[in-house]
Amino acid sequence: MKLANNLQSGNVIMLENEPVVVIKAQINKSGRNQAVVKVKAKNLLTNRVSELIFKSDEKLEGVMLDKKECKYSYFSPPNHVFVDSDFNEYEIDAESISDLEKYLVSEMEDVCEVTFFEGRSISVVLPKTIIREVEYTEPVTRGDTSGKITKAAILKETKHELQVSAFVEIGDKIEIDTETGEFKRRCT
């Protein structure tokens with residue numbers, strides 16, 4: 001069983017006896033009411049995309065699926081192609097992993113976990129931490145030193161923009177948490 005507030009992109013759950021892959025999950029907390037998790041999910045049997053709402057403490061049935069370690073190779077529209085250590089290629093629909101595209105770089109060395117359902121590759125989980133190079137960020141403004149200072153940075157190759165600490169400069173390599181999408185630290 002998996003709690004709804006632990007859902008993330010790429011997770012597969014059983015819903016009405018059909019496997020569903022999570023495309024996007026977002027926790028919404030409101031004043032007095034219980035937090036809810038809004039999920040955009042795709043039915044693996046019908047390829048129908050739907051939006052679902054779960055209570056944050058609701059238990060969902062996970063699916064026992066085959067998993068294999070692979071590396072991301074390239075994008076062949078409309079699929080992303082992953083390769084295992086035996087050079088077998090597995091294609092995954094780009095829409096089902098759209099949240100992860102901002103971290104995918106051709107021929108990347110990060111080992112991913114590809115999930116299979118009835119012999120078909122259906123989702124992927126990236127490593128918790130990945131390292132990417134900053135292509136562009138603004139210089140720090142003098143006097144901007146109170147509190148936790150962040151600024152926008154654009155990653156090389158994917159052009160994804162995220163907030164980084166003020167001391168990060170162009171060309172720096174940074175660690176990113178793939179679950180939260182947040183900057184962790186600058187690599188040395």
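The values are calculated or read from the model by the stated rules, or taken from the named source; none is laboratory data. Keep in mind that what you see is a predicted model, and the values were worked out from it rather than measured. Using ideal geometry, Cβ is built from the backbone for each residue, glycine included, and neighbour counts are taken over all protein chains shown. SASA here: full protein model, heavy atoms, side chains in, ligands and nucleic acids out. Shrake-Rupley method; radii C 1.70, N 1.55, O 1.52, S 1.80 Å.
Do we have any residue at all in segment 104-111 that's over 24 Å from Glu161 (Cβ atoms) and either modelled with pLDDT under 95 or not hydroxyl-bearing (Ser, Thr, Tyr) (or both)?
Initially, segment 104-111 is screened for residues over 24 Å from Glu161 (Cβ atoms), giving 111.
This time we only want the ones that are either modelled with pLDDT under 95 or not hydroxyl-bearing (Ser, Thr, Tyr) (or both), so: 111.
Scanning segment 104-111, I find at least one residue that is over 24 Å from Glu161 (Cβ atoms) and either modelled with pLDDT under 95 or not hydroxyl-bearing (Ser, Thr, Tyr) (or both), so the answer is yes.
Using the structure shown, decide if Arg132 is of a type outside the set (S, T, N, Q) and without any contact (Cβ under 8 Å) to a residue 12 or more places away in the chain.
When the stated conditions are applied, Arg132 does not pass them.
Every residue in segment 1-18 that is more than 15 Å from the chain's Cα centre (by Cα) and surrounded by 19 or more Cβ atoms within 10 Å (Cβ to Cβ), please.
Our first condition is that a residue be more than 15 Å from the chain's Cα centre (by Cα); within segment 1-18, this holds for 1-5, 13-18.
If the condition is that a residue be more than 15 Å from the chain's Cα centre (by Cα) and surrounded by 19 or more Cβ atoms within 10 Å (Cβ to Cβ), then Ala4, Ile13 are the ones that fit.
Those residues that are farther than 23 Å from Asp93 by Cβ and aliphatic (A, V, I, L, M), I need them from segment 44-63; list them, please.
Ile53
Just checking, how many residues over segment 112-125 are at pLDDT 90 or above and open to solvent by 10 Å² or more (accessible area, probe 1.4 Å)?
Of the residues in segment 112-125, 1 are at pLDDT 90 or above and open to solvent by 10 Å² or more (accessible area, probe 1.4 Å).
Which number in (1) open to solvent by less than 80 Å² (accessible area, probe 1.4 Å); (2) without any contact (Cβ under 8 Å) to a residue 12 or more places away in the chain; (3) in contact with a strand residue (DSSP E or B) (Cβ under 7 Å, 6 or more places away or on another chain) marks the one condition that Met108 misses?
So Met108 meets the others, but not (2).
Yes or no: segment 105-126 includes at least one residue that is assigned to a strand (DSSP E or B) and over 19 Å from the mean Cα position of the chain (by Cα). Quick ask: steps written out before the conclusion?
Of the residues in segment 105-126, the ones assigned to a strand (DSSP E or B) are 111-117, 120-125.
The next check asks that each one be over 19 Å from the mean Cα position of the chain (by Cα); those that pass are 117, 120.
Scanning segment 105-126 turns up at least one residue that is assigned to a strand (DSSP E or B) and over 19 Å from the mean Cα position of the chain (by Cα).
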